[in-house]
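Each remark here refers to the structure printed beneath this line.
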Amino acid sequence: MHFTLADLVTDIAQNASEAGADLVELEVHEDDGEFRFLVRDNGKGMTKDELDRALDPFVTDGVKHPCRKVGLGIPFLIQTAEQSGGGWDVKSEKGKGTTASAWFDTGNVDTPPPGDLPGMFRTILMFDGPADIHIRRSRKREGGPLLEYEVRKSDLVDVLGDIEDTESLVLMDKYLRSLEEE
Ligand SMILES: Nc1ncnc2c1ncn2[C@@H]1O[C@H](COP(=O)(O)OP(=O)(O)OP(=O)(O)O)[C@@H](O)[C@H]1O
Ligand SMILES: [Mg+2]
């Protein structure tokens, strides 16, 4: 199966966006052979029991995928991180929100490639639900300069208006890609 770290991040950010949060924060950092990300939302959160179920690959809430018995999102993240020498952490408080993070050894052959990160940011910025989405990104390659930037959905909306119309999408895509250039 071909999937990327961007697919995993997108999935976790989608959970956060579906949790009734007004703010979703995403951090994606790469340095010294490590890729790590964190997704924080101030949405509905989970009780310990709900979190245990979300972490269990053989349980799904039966609402979103009524025909499927197995949830994929968080268990798949955990499995991928653990199989490739990385790690993960999910903390949640009912009524307050959830923070999920994971880290990957990019030198491990079992770690998926990062994938198209600007494309991923665009997808996540377009998720309906949260009033605002904040993205913090950094990348440090050996011997190279530190790349660091922040993007807020509210700022993009201020500048572009409706970010879903075709022209805005093209501009947003160009802008997000330009941020990755050193
Ligand atoms: N950030 C979150 N806030 C609140 N509940 C969450 C959060 N993330 C996950 N959950 C709960 O855990 C369940 C399992 O999440 P998971 O991503 O594994 O599957 P899913 O979102 O139901 O389906 P899929 O991601 O496969 O489309 C969710 O249905 C939701 O009830
Ligand atoms: Mg999910």
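The values are calculated or read from the model by the stated rules, or taken from the named source; none is laboratory data. Every value quoted in this text rests on a predicted model; they were computed, and no experiment measured them. Quick reminder, even Gly has a Cβ in these numbers, built from the backbone with ideal geometry, and neighbours come from all protein chains shown. To get the accessible areas, we keep the full protein, side chains included, count just its heavy atoms, and leave off ligands, DNA and RNA. Shrake-Rupley method; radii C 1.70, N 1.55, O 1.52, S 1.80 Å.
In the chain, what percent of the accessible surface is made up of carbon and sulfur (1.4 Å probe, ligands and nucleic acids excluded)?
Details: 5230 of 10120 Å².
On the chain, the fraction of accessible area on carbon and sulfur atoms equals 52 percent.
Do the alpha carbons of any pairs in Lys96/Lys153; Lys94/Lys174; Lys91/Lys153 sit beyond 27 Å of each other, and which pairs? Display every interim value, and only then the final one.
Values: Lys96/Lys153 22 Å; Lys94/Lys174 38 Å; Lys91/Lys153 24 Å.
From the list (Lys96/Lys153; Lys94/Lys174; Lys91/Lys153), the Cα-Cα distance tops 27 Å for Lys94/Lys174.
What is the chain's relative contact order, in percent, from Cα pairs under 8 angstrom and six or more apart in sequence?
On the way: 333 pairs, mean separation 47.4, N = 182.
After rounding, I find 26 percent.
Just to confirm, what accessible area per residue do you get for the chain at 1.4 Å probe, in whole Å²?
Values: 10120 Å² over 182 residues.
Accessible area per residue, the chain: 56 Å².
In the neighborhood of Arg152, defined by Cβ-to-Cβ distances under 11 Å, what is the net charge if each Lys or Arg adds +1 and each Asp or Glu adds -1? Write out the running numbers ahead of the final one.
On the way: positive: Arg136, Lys153; negative: Glu25, Asp132, Glu150, Asp155, Asp158.
Overall, the nearby charge balance is -3.
Using DSSP to define loop residues, name the GluC sites (Glu not before Pro) in the stretch 72-142 whose beta-carbon has at most 13 other beta-carbon atoms within 10 Å. List each step's numbers first, then the result.
Details: sites: Glu82, Glu93, Glu142; in loops: Glu142.
Answer by residue number: Glu142.
Return the single residue from Val28, Val159, Val39 with maximal mean-square fluctuation; model: Gaussian network over the chain, springs between Cα atoms under 10 Å.
Maximum fluctuation in the GNM of the chain, among the listed residues, is at Val159.
How big is the equivalent ellipsoid of the chain along its three axes, where each semi-axis is √(5λ) from the Cα gyration tensor, reported in whole Å from largest to smallest? Spell out each step's value before the answer.
Values: eigenvalues 136, 99, 41 Å².
Over the Cα atoms of the chain, the ellipsoid semi-axes are 26, 22, 14 Å.
Only helical DSSP H runs with n ≥ 4 go in: add -39500 (n - 2.57) per run for the chain, normalise by residue count and round the 222 nm mean residue ellipticity to 500 deg cm²/dmol. Can you show the working numbers first?
Numbers: 6 runs with 63 residues, N = 182.
Computed ellipticity for the chain at 222 nm equals -10500 deg cm²/dmol.
In the stretch 126-181, which chymotrypsin sites (Phe, Trp or Tyr not before Pro) are in a loop and have at most 16 other Cβ atoms within 10 Å, using DSSP for the loop call? Please list the in-between numbers first.
On the way: sites: Phe127, Tyr149, Tyr175; in loops: Phe127.
When the chymotrypsin sites (Phe, Trp or Tyr not before Pro) of the stretch 126-181 are filtered for loop state and at most 16 Cβ neighbours within 10 Å, Phe127 remain.
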